[in-house]
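Below: the structure, in structure tokens.
The values are calculated or read from the model by the stated rules, or taken from the named source; none is laboratory data. Remember, it's a predicted structure, so these values are computed and weren't measured experimentally. No Cβ is skipped: glycine too gets one built from the backbone with ideal geometry, and neighbour counts run over all protein chains shown. In case anyone asks, the SASA skips ligands and DNA or RNA and just uses the protein heavy atoms, side chains included. Shrake-Rupley method; radii C 1.70, N 1.55, O 1.52, S 1.80 Å.
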Amino acid sequence: MSALRPDLALISGWIAPGSRILDLGCGDGALLAHLAQTRQVHGYGLEIDDDNVAACVAAGINVIQADVDDGLTEFADSSFDYVVMTQALQALVRPDLVLAEMLRVGREVIVTFPNFGHWRVRKALIGGHMPQTPALPAQWFDTENIHLCTLADFDALCRASRWQVLERALLDRRHRTGTSIRIAPNLFCEIALYKLRRPG
Amino acid sequence: MAVAEGSVGVVTPQKIVIDASLLLACGQQLNGFELMIETYGELNAARSNAVLICHALSGDHHAAGFHSADDRKPGWWDSAIGPGKPIDTSKFFVVCLNNLGGCRGSTGPTTVNPETGALWGPDFPIVTVRDWVASQALLADRLGIDAWAAVIGGSLGGMQVMQWTIDCPTRVRHALVIAAAPRISAQNIAFNEIARQAILSDPEFHGGRYIEAQARPERGLKLARMLGHITYLSDTAMRARFGRILRDGDGQYNFNYDVEFEVESYLRHQGNSFVDRFDGNTYLLMTKALDYFDPAREFGDDLAAAFRQATAKFLVISFSVDWRFSPARSREIVNALIAAGRDVSYARIDSQLGHDDFLMPIPQYHAVLRHYLDRVATEVGS
């Protein structure tokens with residue numbers, strides 16, 4: 001077993017012990033396993049991929065096989081303390097609608113995404129090419145990422161939707177923070193973590 | 001005879017006599033009854049590794065293995081039960097029974113009512129899923145099993161699994177609910193009603209006293225089964241398997257009502273082979289048990305409230321092309337379990353056939369079953 005990804009460790013710091021969690025696109029269940037151990041949460045993961053579902057079952061993680069793009073209509077309002085989605089927002093058909101649904105189902109939402117405003121992305125575009133960066137390694141034609149955004153875009157969506165940003169962590173691709181990110185976040189942040197709440 | 005790898009080999013059914021009386025949902029009381037069972041594997045010293053298999057509409061106690069060395073047809077769920085199979089008999093002590101009201105040796109319409117000395121026939125009370133669970137609990141007492149490591153069932157069997165977790169919460173550690181529904185739909189009841197009418201209107205039915213009349217409602221039972229088989233396959237599966245293929249190779253229509261299309265041949269074969277092994281009165285009461293199943297009813301139609309009784313952990317499985325018990329119905333179960341705060345995992349298996357897929361060794365299906373039950377085995381120390 002590799003150590004928990006640092007962004008997942010950071011997320012667990014944002015979660016109150018003993019809470020109810022829904023993890024959208026939970027993969028092999030690493031985050032939920034970690035949260036169950038360290039935060040005594042009661043969690044469920046949503047996952048579409050057969051192998052990941054089997055891996056969650058093998059690990060004893062509650063997993064529900066479903067497509068996030070089909071929506072969260074099966075879940076009642078405020079039925080979870082947190083709805084979490086890591087590195088999947090940009091692959092959704094309508095990320096704005098899914099975020100709104102997450103905020104309906106969860107009292108708080110934790111979401112992470114790659115920042116498309118990073119200087120490597122901008123450099124590639126200035127050079128006349130779709131970016132291929134260490135954080136976004138796929139080619140334009142085979143990428144799963146169809147709705148990439150910059151930090152500024154995401155902030156604008158939060159403002160327009162009147163979502164409250166409770167916490168934010170901006171990291172490089174090794175999940176470290178640093179001076180350059182603090183000075184020019186939209187140029188140097190590679191992975192963004194947000195904790196949101198619906199308009200109060 | 002060498003036992004084939006993965007098979008439990010030759011098995012012998014046992015008849016278990018239960019002396020306790022059982023008050024049924026209909027108000028009648030059975031003063032003792034008999035259940036035919038088969039067991040596979042060994043019960044461990046802690047008596048913690050027992051698994052109960054609940055059968056569906058037409059199933060019985062013969063879930064795995066063979067009844068003799070030259071028996072060619074294995075039990076109905078042999079694909080999943082055996083040493084090294086997902087329900088691993090080298091780890092678990094597996095119990096399967098013929099339900100009360102059945103026609104394969106357990107007390108039911110084809111057995112003698114000790115109080116009258118006559119066959120029960122149509123007088124055998126209509127039993128419910130709840131009654132079955134109560135009878136299975138008495139069986140567990142008899143076998144010295146305080147709690148099942150897992151209760152597993154598909155279709156009507158899955159309904160028994162749910163009822164177990166609600167009625168006997170402390171006696172089920174894990175509940176595996178496969179291709180089931182929290183209650184059946186009007187469409188499903190409608191199919192059952194046509195099946196029942198086919199049997200009831202057969203001139204050979206004789207008000208259910210056909211055995212005494214040395215008759216059998218074969219035509220009705222056959223029709224009921226043919227109808228059932230249409231609902232066990234998807235449109236796509238039927239198209240792929242039979243299309244519009246004619247049995248005669250010359251491609252000409254015969255302009256009569258003999259078997260002509262392959263699908264007719266298939267349905268008639270299914271119907272004919274069913275009447276040899278099944279009883280009309282049993283079919284009637286089994287379909288009624290399906291219709292009546294509705295655990296939420298006693299909890300203000302709130303399935304989550306019903307599941308708050310449960311302490312088991314759940315695995316729910318559905319099949320993508322099953323329209324008789326569709327994935328949406330399994331999601332209702334899952335949603336109620338989540339609302340009740342119960343541990344549940346749900347796998348929606350990409351499948352080919354339809355409702356029948358729950359008996360098929362689909363790799364992803366068996367992988368999920370195996371992974372889940374491996375953890376159960378570790379947990380119960382088998």
* Simple label model, 7 Å out from Cα along Cβ direction - residue B:31 to residue A:119, nm -> 9.3
* Asked: Across 20 Å bins from the origin, how do the percents of Cα pairs in chain B run, short distances first?
  -> 28, 60, 12, 0
* In sequence order, what are the phi-derived ³J(HN,Hα) couplings for the range B:202-209 according to the Karplus relation 6.51 cos²θ - 1.76 cosθ + 1.60 with θ = phi - 60°, rounded to whole Hz, with x for glycine and proline? -> 5, x, 8, 6, 6, x, x, 9
* Would you mind checking which residues have amide H under 5 Å from residue B:346's amide H? H placed 1.01 Å from N; only 5 or more apart, or other chain. => A:63, A:64, A:65, B:316
* Would you kindly find the accessible area of residue B:379, with a 1.4 Å probe and non-protein molecules such as ligands, DNA and RNA excluded, rounding to the nearest 10 Å²? => 100
* Structure fact -> Shape descriptors of the range B:265-351 over alpha-carbon atoms, Rg and Dmax in angstrom, are 17.0, 49
* Asked: What are the semi-axes of the equivalent ellipsoid for the range B:211-270, taken as the square roots of 5 times the Cα gyration tensor eigenvalues, largest first, in whole Å?
  -> 27, 17, 7
* Under 5 Å between amide H atoms, partner at least 5 residues away or on a different chain: which partners does residue B:351 have, H built in plane at 1.01 Å? -> B:320, B:321
* Asked: Can you give the accessible area of residue B:15, probe radius 1.4 Å, in Å² rounded to 10?
  -> 110
* To do: Kindly give Rg over Rh for the protein assembly as shown, based on alpha-carbon atoms, with the Kirkwood expression for the hydrodynamic radius.
  => 1.05
* Divide, for the range B:1-130, the radius of gyration over alpha carbons by 2.2 N^0.38 Å, where N is the residue count. => 1.17
* Summed side-chain charge close to residue B:28 - residues other than residue B:28 whose Cβ falls under 12 Å, Lys, Arg +1, Asp, Glu -1 -> -3
* To do: Only Cα pairs under 8 Å and at least 6 apart count here; give the relative contact order of the range B:99-163 as a rounded whole percent.
  => 22
* Specify the residue with the greatest mean-square fluctuation among B:153, B:59, B:249, computed from a Gaussian network of chain B linking alpha-carbon atoms under 10 Å apart. => B:249
* Asked: Efficiency by 1/(1 + (r/R0)^6): what FRET value for residue A:183 and residue B:204, r their Cβ-Cβ distance, R0 = 56 Å, to the nearest 0.05?
  -> 0.05
* How many lysine pairs in the protein assembly as shown, separated by 8 or more positions in sequence or lying on different chains, have Cα atoms less than 29 Å apart? -> 13
* **Ratio Rg/Rh, restricted to the range A:1-122 and using Cα atoms, in which Rh is the Kirkwood radius** => 0.96
* Using a Gaussian network model of chain B with C-alpha springs under 10 Å, which one of B:192, B:49, B:254 is most mobile by mean-square fluctuation? -> B:254
* **Length-normalised contact order for chain B - Cα pairs under 8 Å, 6+ apart - percent** => 18
* Separation of alpha-carbon centers, the range B:280-332 and the range A:104-144, rounded to whole Å -> 45
* To do: Find the Cα radius of gyration of the range B:166-305, compare it with 2.2 N^0.38 Å by division, and give the number to two decimals.
  => 1.35
* Asked: Accessible area of residue B:365, 1.4 Å probe, to the nearest 10 Å²?
  -> 0
* Rank these residues by their accessible area, most exposed first, probe 1.4 Å: B:204, B:298, B:38, A:144. => A:144, B:298, B:204, B:38
